[in-house]
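Engineer: Input: one structure, supplied below.
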Amino acid sequence: MQSDFSTRKSALQKLSFIPKGSQPIEHSPIIQLDNISLGTPAQFIAYNLREKEVQEFCSRIQLPEPLVLLVEDSDVPNIVIGILGPDNYQRHDELEIVYGRRWRIEPNLSHSELLQTVLLACKVAVEHELRERVQVRGTTPFNAHQDHEIFSKLIKNNEIKNTENPIRPSDLVIDQRRIIIHKSEEISNNLKLINFEIPGKITGTLPFLQGEFNILVEGNEDRCLKIWDKLLLESKLWLHENLFLDDVAVFSRKYDTNMRIFYSLLHRNDTNLDSSEESIVERGLMNEAIDVMRAPVINSGKTNDSGMEYIRKINPTHGFWPFEKR
């Protein structure tokens, strides 16, 4: 809906009554966890997380080496992921630590949303590191430090040229090890299966950069980009299998779709939960207040004016529009 600041004030007032930490709303349904333990589904819990509460929850998360999870105290807590590893440009045996970007933790995030933020922060940090581990002909073409403003201008001016010397997959050096192509097999008229290996011992600290991999290449697709896509996927799967909450890899693929359907019906269905009308109403009011507070407060300017022009095309009763300063 078109937002005025009185709506935001009312939402802020409602959320201000939530005590620090987490607390089930009144008449919430419960789930039997085992013979002695009960739990309240997250959608019926009010959260008010500060640095201490974020640290307490994050202490239950285990990350795979070489990742380090840190919580910074600021106006709101920030999640920061550190990565231990060798210097990617001045190689030596000693490890150093580098950091990913800060991830702002809003007070009313649920524990589940906080966990997913940690997972996303890890994915972005590992991708950044991975981009610096892929070399082609003495440079790192996928690194995250490219000046994209200049790249955009050069592309517009047709100043970026394709090399006349075709790049082969075997030109790739991953973590200081040149890949080996074991097989390149045509499996249909326009589809090729390529099997490649990152040989030898791991020289860095990313354990998924080892062993044999398969990619499918269609037509004249860039083989190097397909290998990059495969490594990026492997990094995400590695995190899914090796990030633990309370000693359980909750994002693991061994918990298949059927298991997740069972769990979704168990804890997301009000009928199955026998949720009370009071708890459903209170949950709706709480979620509405959180949605209001997530709508940004904005000044007029090139970016915001363009964004608002697009937003004004939708029905003003759907969702909460940004709060525009006058």
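The values are calculated or read from the model by the stated rules, or taken from the named source; none is laboratory data. Owing to the predicted nature of the structure, the values given are computational and were not obtained by experimental measurement. As a convention, Cβ positions derive from the backbone with ideal geometry for all residues, glycine included, and neighbour counts pool all protein chains shown.
Engineer: Mind listing whichever residues of segment 142-164 are in contact (Cβ under 8 Å) with a residue 12 or more places away in the chain and farther than 30 Å from residue 54 by Cα?
Structural biologist: 142, 143
Engineer: Every residue in segment 248-270 that is more than 21 Å from residue 29 (Cβ to Cβ) and either outside the structural domain of residue 282 (by TED's automatic domain parsing) or among the basic types (Lys, Arg) (or both), please.
Structural biologist: 253, 254
Engineer: Any chance you could count how many residues in segment 137-159 are surrounded by 11 or more Cβ atoms within 10 Å (Cβ to Cβ) and outside any helix (DSSP H, G or I)?
Structural biologist: Going through segment 137-159 one residue at a time, the tally reaches 7.
Engineer: Tell me, yes or no, whether segment 104-119 has at least one residue that is of a type in the set (Gly, Ala, Ser) and buried (at least 17 other Cβ atoms within 10 Å of the Cβ).
Structural biologist: yes
Engineer: Further, regarding this structure: Would you mind stating whether residue 95 is surrounded by 13 or more Cβ atoms within 10 Å (Cβ to Cβ), touching a helix residue (DSSP H, G or I) at 6+ places or on another chain (Cβ under 8 Å) and assigned by TED's automatic domain parsing to the domain that holds residue 250?
Structural biologist: no
Engineer: Is it fair to say residue 62 is within 29 Å of the chain's Cα centre (by Cα), in contact (Cβ under 8 Å) with a residue 24 or more places away in the chain and either within 20 Å of residue 276 (Cα to Cα) or in the same structural domain as residue 103 (by TED's automatic domain parsing) (or both)?
Structural biologist: Here the answer is yes, as residue 62 does meet what is asked.
Engineer: Can you tell me which condition residue 167 does not meet? The list is (1) free of Cβ contacts under 8 Å to residues at least 24 places away in the same chain; (2) part of a loop (DSSP other than H, G, I, E, B); (3) surrounded by 14 or more Cβ atoms within 10 Å (Cβ to Cβ); (4) of a type in the set (A, V, I, L, M), and all the others hold.
Structural biologist: Only one criterion in (1) free of Cβ contacts under 8 Å to residues at least 24 places away in the same chain; (2) part of a loop (DSSP other than H, G, I, E, B); (3) surrounded by 14 or more Cβ atoms within 10 Å (Cβ to Cβ); (4) of a type in the set (A, V, I, L, M) is unmet by residue 167, namely (1).
Engineer: Being basic (Lys, Arg), free of Cβ contacts under 8 Å to residues at least 12 places away in the same chain and not in a helix (DSSP H, G or I) is the requirement here; does residue 192 meet it?
Structural biologist: On the way: basic (Lys, Arg): yes; free of Cβ contacts under 8 Å to residues at least 12 places away in the same chain: no; not in a helix (DSSP H, G or I): yes.
No; evaluated as a whole, the condition is false for this residue.
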